[in-house]
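One structure is given below, encoded as structure tokens.
What follows is calculated from the coordinates using simple rules that are stated; it is not laboratory data. For clarity, every value in this text was computed on a predicted model and none was experimentally measured. Using ideal geometry, Cβ is built from the backbone for each residue, glycine included, and neighbour counts are taken over all protein chains shown.
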Ligand SMILES: [Fe+2]
């Protein structure tokens, strides 16, 4: 069940076990190692498909079934999937605070996380108050794209913390 959660008066949405292990393996096995590169939003050991997809495709272009499944859960009308990519973080890495300008809804599907994984931390746009989300494998999280997020004070301590990220745009 998709659950609405209100943080700093802003609604975000979460669904646990949104993807099963078979769906997650299919996505992870489709990653071409040549597509993995580095991105400024991280510190430490990380890889992302954000910069490098060889055919200029986004990861969900290769997984239309998963894209449809996500779009079925999107909480605003007239949205379409825009960009999607995978981030893999190793031990000692962090994600700097950032937002996704130009998009409407941003989200993640957690492909691999455990109790040692860094958190996803949201920041209140007016007070700088923060709200920490613990990631579990299979979790779908969605929020308005203007909302700042990163790993806050948490440092990733799991071997492979893998997350599929996406943005929607208005149709
Ligand atoms: Fe992000």
Label residue 146 and residue 29 with points 7 Å out from Cα along Cα→Cβ: what is the distance between them in nm? 4.3 nm
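Taking the alpha carbon gyration tensor of the chain, what are the square roots of 5 times its eigenvalues, largest first, to the nearest whole Å?
Details: eigenvalues 92, 81, 49 Å².
Working through the eigenvalues yields semi-axes of 21, 20, 16 Å.
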Can you sort 132, 67 from fewest to most other Cβ atoms within 10 Å of each residue's own Cβ? 132, 67
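Can you give the FRET efficiency to the nearest 0.05 for residue 78 and residue 157, using r as the Cβ-Cβ distance and R₀ = 35 Å?
Details: r = 40 Å, r/R0 = 1.15.
It comes to 0.30.
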Rounded to the nearest 500, what is the 222 nm mean residue ellipticity of the chain from helices alone, with -39500 (n - 2.57) per DSSP H run of 4+ residues and division by all residues? -2500 deg cm²/dmol
Exposure proxy order (Cβ contacts within 10 Å, fewest to most) of 85, 169: 169, 85
Can you give the Rg to Rh ratio for region 82-163, taking only C-alpha atoms and Rh from Kirkwood? 0.95
